[in-house]
Structure formats: structure tokens, C-alpha cells
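Values quoted throughout were computed directly from the atomic coordinates according to the rules given, and no laboratory measurement underlies them. All values derive from a computational prediction rather than experimental measurement. Cβ coordinates were reconstructed from backbone atoms using ideal geometry, including for glycine residues, and neighbour counts include every protein chain displayed.
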Amino acid sequence: MKHFVSLNDIDSLQEWVEGALLLKKNPSAYKNLGEEKTIGLLFFNNSLRTRLSTQKAAMNLGMKVMIMNFGKDGWALEFEDGTIMDQGNAEHVKEAARVVSQYCDILGIRAFASLKNKEEDEAEVVISSFKKYASIPVLNMESSLSHPLQALADAITIQEHQESPQPKIVLSWAPHPKALPHAVANSFVEVMQLQDANFTITHPKGYELDPKITKDIKIEYDQEKALKDADFVYVKNWSNYTNYGKVINHDKNWMITQKKLGNAKFMHCLPVRRNVVVEDAVLDGNQSLVIEQANNRTFAAQIVLKKILEAIK
Ligand code: CP
């Protein structure tokens, strides 16, 4: 494997999850693997967990880390081929990607969906361009369509907490005041298709995710019915996919409460808006796995970086 841009770059989810759990037991087991190697992390959007956990993972492997808030500090990038650059964008990705490739051995990119233009978002212009023009492996730290590092951390967390071979897992939409991308939900759906689970998605009618991703997964529009007897409830808001990027439903009844959760474990990628997406009692209770999910981000990133380092050695 050279790049890690989607869950398709994982050859065996089970093997990677087990590898991550071994790294969790002994984070410095491969502390010399990344010696003399540098990872560059370019952020076009904000981050807490991805930034620090990927940095931590790289340091556990002995790598040097360079981080740039590209959206704020970098030159505004042009991505179109053959364009006349007489407007705002000062640097073309063709040069930027090749320049960064000289300073680093692996390049992490975070670039969210704009939610303004579905076709542009679905082309994944930023990460695809870096992948095309960089001469080093590219790591997806959340792109327009996917957040594979989060999904891998989620799979690790489920593995640690599941009590049956085929747990009932529900992905539930929840309300949010702002329009949010589909990446986390997409990747969670994709990772569920790679493991044994009784998996259901619940959301208000009209909030269907991309059918190319959900395929034949069961959708239950009655949230209460969907959550019945669940072992894990993964909660996430996403903006409307059909009416692209719009917030058309503010129904507070979709918020997750302790009563709705029942005996299930609660999962969310964070950051989360308290008492909008989920009530305090859930986040403050002992059924919440959100802090452990964030912890597992380090070991998800570490297994991915380990695989890339082994491939480029
Ligand atoms: N879950 C996640 O990716 O968190 P950050 O946006 O803080 O990196």
C-alpha cells in the first residue's frame, strides 16, 4: 500500500484492527521504524483529534512531524489545469505538492467538502490533486467524502467493547444548527460493510446518504424502532445530500437521550454539541465511548503509518 485515502486501501480490516490493538498495548514497539522520516500534515480545516493523534502516532514510530494550517497560512491554491492564474489564487497545486514532497516522506491532507458544489466535492479535488502531483504517500485526514482514520478508530473501539460476534449497530442522524459534511457517516457505513454486524441507518425521510455508499443497507425512518435492542448507537449529523448541503430538518426529537439509548453504548466522532445532538446524561454517563474513540485515533493512525513506512522502506 502506498497511499491511504479510503477504506479501500485496507486489505484486511480485522488484521489492521488487531495490529492497532497490539500497538495500543505497546505504543513504542516500532519506535525506530520512522527514524529519519518526516510526515507533513496540511490542514485546510480545523482539527483537534486528527491533528494531535496523527502527530502522536508519528512520534510513537520515531518520525519527525511538520504541521501547517494551510487554509490559514498557505498561499491560496489553484487546482484547475491550464487555467490563467490572474485571480486570487497564488500557487498551483502542481508546484505545492512537488515542493512539499521534497521536505517530507508522507503527506497528510485534511480538506472538507465545501457543501456548495456536489460535483466538485465528489471529485475530491484537493486530496486527489495532492495524490496526483506529490511523489510521496498521501494520508487522508478527512476529505470531502470520507474520514477513514475515524472509521478505523471506530472499528477498533467496537472490537474492544462488543459482547457478541454480530452486534446490533445503529447509525442515527441527529439535529445540528450548521450544515455538516457526509464524510464521517459515509466512512462509518463503509466500515460496517467490512465487518460482521447487524447494521441499520436511521434518519428523517429525505436525509438519505449517497446510495452508492449505503447500497442495500437497511434504512429505518422510525428512530425509536431502529434503536430498539441496539448494542452500539453511532450518532452523527449530516446535511442533506439530495438538496445538497442544506439543513432542512431541525427536529429536536432526533436528539439522543439516555432513555432512547437504553443499554447501548454511545459513539460519536467528536466534536459534539451537547444537548443538541445528544443530552448531557449520555455523554457524562458510563455508556459513552467517545473518549475511547478519540484515544483510538492514535492507534488507527499508527497502524496506517506503520503500513506505509513498511511499504516505502
Ligand atoms: N473526529 C475528528 O476528526 O476530530 P477533529 O475534527 O477534531 O480532528
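Counting 0.36 nm for each residue step from K94 to E18 and taking away their Cα separation leaves a gain of 23.6 nm.
For the chain, the longest principal axis of the C-alpha atoms and the axis of helix 183-192 are separated by about 70°.
The mean sequence separation of alpha-carbon pairs under 8 Å and at least six residues apart, normalised by the residue count of region 150-293, gives a relative contact order of 29 percent. In this structure, the amide hydrogen of V278, modeled 1.01 Å from its nitrogen in the peptide plane, lies closer than 5 angstrom to those of I256, counting only residues at least 5 positions away or on a different chain. If you take the square roots of the eigenvalues of the alpha-carbon gyration tensor of region 163-282 and sort them as a ≥ b ≥ c, do you get rounded (a/c under 1.5), prolate (a/b over b/c) or oblate? It is oblate, given that a/c is not under 1.5 and a/b is not larger than b/c. Nearest 0.05, what FRET efficiency do K215 and M66 give at R0 = 51 Å with Cβ-Cβ as r? After rounding, the FRET efficiency stands at 0.85. Checking the cross-link pairs K212/K260; K56/K118; K168/K252; K132/K236; K24/K64 against a 27 Å limit on the alpha carbon distance flags K212/K260; K56/K118; K132/K236 as lying beyond it. Phi angles across region 110-123 convert, under the Karplus curve 6.51 cos²θ - 1.76 cosθ + 1.60 with θ = phi - 60°, into 3J(HN,Hα) values of 10, 8, 6, 5, 6, 6, 9, 9, 4, 5, 5, 4, 6, 6 Hz, Gly and Pro given as x. Using a cutoff of 8 angstrom between alpha carbon atoms and counting only pairs six or more residues apart, the relative contact order for the chain works out to 21 percent.
Report the paramagnetic label zone for K178: residues of region 270-311 whose backbone N is under 12 Å from a point 7 Å from Cα along the Cα-to-Cβ axis. So the set is 271-273. Region 114-135 and region 197-234 have Cα centres lying 28 Å from one another.
For K25, the aspartates and glutamates whose Cα falls under 18 Å of its own Cα, not counting residues fewer than eight places away in the same chain, are E15, D154, E160, E292.
Helix 290-312 axis versus longest C-alpha principal axis of the chain: approximately 40°, rounded to the nearest ten. Highest mean packing comes first when the peptides 150-163, 43-56 are listed by Cβ atoms within 10 Å, giving 150-163, 43-56.
With respect to the chain, whose longest principal axis is taken over its alpha-carbon atoms, helix 13-25 is tilted by about 80°. For V65, nonlocal amide neighbours, meaning residues 5 or more places apart or on other chains whose placed amide H falls under 5 Å from its own, are I39.
In terms of its C-alpha gyration tensor, region 1-101 has a prolate overall shape, because the principal axis ratio a/c (a ≥ b ≥ c, square roots of the eigenvalues) is not below 1.5 and a/b outweighs b/c.
Taking a point 7 Å from the Cα of K313 along the Cα-to-Cβ direction, none of the residues of region 95-112 has its backbone N closer than 15 Å to it. Rounded to the nearest 500, the helix-only mean residue ellipticity at 222 nm of the chain stands at -10500 deg cm²/dmol, with each DSSP H run of n ≥ 4 adding -39,500 (n - 2.57). Distance between the modelled labels on E160 and V247, one decimal in nanometres: 3.2 nm (7 Å Cα→Cβ projection).
I'd like the distance separating the alpha-carbon centroids of region 157-172 and region 238-296, in whole Å. That distance is 17 Å.
Using the Cα coordinates of the chain, the gyration tensor eigenvalues translate into equivalent-ellipsoid semi-axes of 32, 25, 16 Å, sorted from longest to shortest.
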